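Undergrad: Right, I'll just put the structure down here and ask away after.
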Amino acid sequence: MDICQLLEQIQLRSDYAGQLVHLEELPARPGQCSKLSHPLPATLVELLARSDIDSLFSQQVTALDAARRKQDAVVVTGTASGKTLCYNLPILESALNDPDARALYLYPTKALAQDQLKGLLELVDGIPDTAQAIRPGVYDGDTPTAQRRRIRNEANLVLSNPDMLHASILPYHPKWATLFSGLRYVVIDEVHTYRGAFGSHVA
């Protein structure tokens with residue numbers, strides 16, 4: 001069932017009467033592409049080419065240029081507009097250039113972190129240069145104890161969530177010295193508001 005059929009069914013149901021207030025179809029817009037001020041490493045160009053990406057959207061270029069200048073950035077664009085590459089490109093570039101560089105990804109749910117790990121592994125799969133340079137790991141409530149130790153000591157891309165940051169990472173920050181001493185990027189996927197000690201840790 002496509003979205004048009006779903007909306008039509010909702011409109012026909014009596015228990016939904018009056019709940020659908022406004023419906024508007026927006027026409028598709030072509031993506032706006034831009035060129036980087038200086039090119040990506042050949043390994044990243046190869047990774048993108050394998051995913052049939054031969055040019056970058058303007059928001060991806062803007063985000064990558066900002067990251068290269070060590071500036072913070074917030075990316076707000078539509079669904080399936082390439083936001084993930086906005087942060088993965090600078091992080092992967094950094095990991096390829098500096099073995100000590102680290103990144104911390106915070107996702108609102110464990111399932112999303114697992115999905116992003118899968119996407120990262122698929123992106124770098126089969127490229128020899130990335131085997132040692134890209135070492136991601138998910139650190140959440142389901143991570144086995146032995147794996148937690150390995151992720152703390154070896155992973156350079158740590159995928160977690162605000163709850164784990166609050167309960168298992170910051171209270172034990174000496175154990176995370178390798179991550180924090182090389183931390184170059186913090187990605188917060190979905191910007192939420194938190195408060196109290198938990199909010200301070202997230203901030």
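Undergrad: Using the Cα centre of segment 52-112 as the reference point, and only Cβ charges (+1 on K/R, -1 on D/E), how large is the resulting charge dipole? Debye, rounded to the nearest 20.
TA: 260
Undergrad: Calculate how steeply helix 145-154 sits against the longest principal axis of the alpha-carbon atoms of the chain, using the helix alpha-carbon long axis, and give the answer as 0 to 90 degrees to the nearest 10.
TA: 70
Undergrad: Where does each of Ser181, Ser51 land when they are ordered by accessible area, with a 1.4 Å probe and the largest first?
TA: Ser181, Ser51
Undergrad: Continuing with this model, one more query. Please report, as a whole percent, how much of the solvent-accessible surface of segment 112-203 comes from carbon and sulfur atoms (probe radius 1.4 Å). Kindly include the intermediate steps, with their values, before the conclusion.
TA: Details: 2630 of 5230 Å².
Accessible surface attributable to carbon and sulfur in segment 112-203 totals 50 percent.
Undergrad: Of all trypsin sites (Lys or Arg not before Pro) in segment 44-128, which ones are in loop regions per DSSP and have a Cβ with at most 12 other Cβ atoms within 10 Å?
TA: Arg69, Lys70
Undergrad: In terms of modelled amide H atoms, which long-range or inter-chain residues lie less than 5 Å from the amide H of Val138?
TA: Leu159
Undergrad: Between Ile188 and Thr62, how many nm apart are label points set 7 Å from Cα along the C-beta direction?
TA: Distance between the two pseudo-spin positions: 2.0 nm.
Undergrad: Keeping all protein chains in the complex and leaving out DNA, RNA and ligands, what accessible area do you get for Cys4 with a 1.4 Å probe, in Å² to the nearest 10?
TA: Solvent-accessible area, nearest 10 Å²: 80 Å².
Undergrad: Which net charge results when you count Lys and Arg as +1 and Asp and Glu as -1 among the other residues whose beta-carbon is under 11 Å from that of Gln147?
TA: Net of charged neighbours comes to +1.
Undergrad: Now for a different question. Which residue fluctuates most in the GNM of the chain (Cα springs below 10 Å): Gln59, Gln71, Gln116?
TA: Most flexible of the set in this elastic network: Gln71.
Undergrad: With Kirkwood's inverse mean 1/r over C-alpha pairs for Rh, give me the Rg to Rh ratio of segment 151-203, two decimals please.
TA: The Rg/Rh ratio comes out at 0.95.
Undergrad: To continue, here is another question. Using only DSSP helix segments of four residues or longer, with each worth -39500 (n - 2.57), what per-residue ellipticity at 222 nm results for the chain after dividing by its residue count and rounding to 500?
TA: -12000 deg cm²/dmol
Undergrad: To continue, here is another question. Would you check the accessible area of Arg184, probe 1.4 Å, heavy atoms only, in square angstrom rounded to 10?
TA: 120
Undergrad: Tell me which label goes with the value of Rg/Rh (Cα atoms, Kirkwood Rh) computed from the coordinates here: [x] 0.99; [y] 1.23; [z] 1.04.
TA: [z]
Undergrad: Sticking with this one: Distance between Cα centroids, segment 117-145 to segment 1-53: provide it in whole Å.
TA: Measuring centre to centre over Cα atoms gives 27 Å.
Undergrad: Report the extension gain between Leu6 and Ala177 in nm, rounded to one decimal, defined as 0.36 nm multiplied by the number of residues separating them, less their alpha carbon distance.
TA: Taking Leu6 through Ala177 to full extension adds about 56.5 nm, to one decimal.
Undergrad: Something else now. Sort Met164, Met1 by heavy-atom solvent-accessible area, probe 1.4 angstrom, most to least.
TA: So the residues, ranked largest to smallest area, are Met1, Met164.
Undergrad: Probe radius 1.4 Å, ligands and nucleic acids left out: which of Asp129, Asp72, Asp98 has the largest accessible area, and how do the rest follow?
TA: Putting Asp129, Asp72, Asp98 in descending order of accessible area: Asp72, Asp129, Asp98.
Undergrad: Keeping all protein chains in place, calculate the accessible area per residue for segment 117-203 (probe 1.4 angstrom), answer in Å².
TA: 57
The values are calculated or read from the model by the stated rules, or taken from the named source; none is laboratory data. Keep in mind that what you see is a predicted model, and the values were worked out from it rather than measured. Counting neighbours? That spans all protein chains shown, and the Cβs are built from the backbone with ideal geometry, glycine included. Heavy atoms of the whole protein, side chains included, go into the accessibility calculation; ligands, DNA and RNA do not. Shrake-Rupley method; radii C 1.70, N 1.55, O 1.52, S 1.80 Å.
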